[in-house]
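Structure, as structure tokens:
The values are calculated or read from the model by the stated rules, or taken from the named source; none is laboratory data. This structure is a prediction, so every number in the text was calculated from the model and none was measured. Here Cβ is always computed from backbone atoms with ideal geometry, including for glycine, and neighbour counts include all displayed protein chains.
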């Protein structure tokens, strides 16, 4: 019988698991601290547990961990990790340095079902959800290399399409006996799954980022199929209703694609759509990748769009392209590694997708 991975449990679930085995509930807190604060990978290391309990746990449970299959570091300090999963699938995490405040971008799925036209991960399609342990282990593995200040669920996959495991992972991230992140330092991004946005807000307190990328339903329907199910009116209503702690703002992510959504008229519509929502805007110049017909925007278009919003008191950040020399855009390293392993299969994949 396969052993239970205790990293799939939040603290309350671990208490329940141990209680069901006739053990004291406080043992869960001890185990949590050993695993997430002291980095234990075996029960044998947990010296404040009795030898009998440690041996019993070794028989029925395990503590999973990740070792990166590949790590690439860019000239700007951006570090890309590729992790191979137990079933041979792979996911990526990216560590982005910023004046000592490292941000880790983590994945929530193998592939993605959202099929956004501009996104490389979408070309892999959805293979499966990551388990809670597989989400948390990205953080645990990278923390061995670097101090992490912020966590963003902006890697491979749509986090709210894997809501249960993402919420459980967030609970472990925020737990004072777990990874001890402040909820101000955890951000979940979504392409716009409206019912799941409401559910996320009920279950955990985190920052929300919404991948907007278009200011009309016509264009958003084309480049983001999720919009056909939850059009802009519904999405923006869900943003207004999302429970935000005092002085927090929703982040609207806006991938600027040359000649498609980068005009001043787009900027005007963006302002009209979001003016009654506490927000900040992340402008993300499109990162061209093989097999995609979209183009990066001109520098002048980016600057004009940015200035239009700034002049109207919108908080705007134009995100620098990071890790370009290491394929840091989501899915690029995975795609390149697949080509190395099976060049013909990768070519066929690109042609048919």
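Listing for the model above:
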read-out	value
Residue within the range 47-54 that is in contact with a helix residue (DSSP H, G or I) (Cβ under 8 Å, 6 or more places away or on another chain), outside the structural domain of residue 178 (by TED's automatic domain parsing), surrounded by fewer than 20 Cβ atoms within 10 Å (Cβ to Cβ) and on the phi > 0 side of the Ramachandran plot present	no
Strands (runs of 3 or more DSSP E) contained entirely in the range 72-139, each with at least 3 residues that are out of contact with any helix residue (DSSP H, G or I) (no Cβ under 6 Å at 6 or more places or on another chain)	79-84, 90-96
From 255, 204, 166, residue being buried (at least 22 other Cβ atoms within 10 Å of the Cβ) and under 30 Å from residue 9 (Cα atoms)	166
Which numbered condition residue 21 fails, given (1) under 15 Å from residue 179 (Cβ atoms); (2) at pLDDT below 95	(1)
Residue selected from the range 55-71 under the condition part of a strand (DSSP E or B) and in contact with a helix residue (DSSP H, G or I) (Cβ under 7 Å, 6 or more places away or on another chain), by the criterion farthest from residue 34 (Cα to Cα)	70
From the options 77, 122, 176, 88, residue that is over 15 Å from the mean Cα position of the chain (by Cα) and modelled with pLDDT under 95	77
Identity of the residue in the range 115-156, out of contact with any strand residue (DSSP E or B) (no Cβ under 9 Å at 6 or more places or on another chain) and on the phi < 0 side of the Ramachandran plot, that ends up surrounded by the most Cβ atoms within 10 Å (Cβ to Cβ)	136
Members of the range 13-46 found to be over 20 Å from residue 137 (Cβ atoms) and either assigned by TED's automatic domain parsing to the domain that holds residue 176 or assigned to a helix (DSSP H, G or I) (or both), listed by number	15, 16, 18, 19, 20, 26, 27, 29, 30
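This table checks each residue for (1) touching a helix residue (DSSP H, G or I) at 6+ places or on another chain (Cβ under 8 Å); (2) surrounded by fewer than 20 Cβ atoms within 10 Å (Cβ to Cβ); (3) free of Cβ contacts under 8 Å to residues at least 12 places away in the same chain.
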| residue | (1), (2), (3) |
| --- | --- |
| 228 | yes, yes, yes |
| 231 | yes, yes, no |
| 240 | no, yes, no |
| 249 | no, yes, no |
| 265 | no, yes, yes |
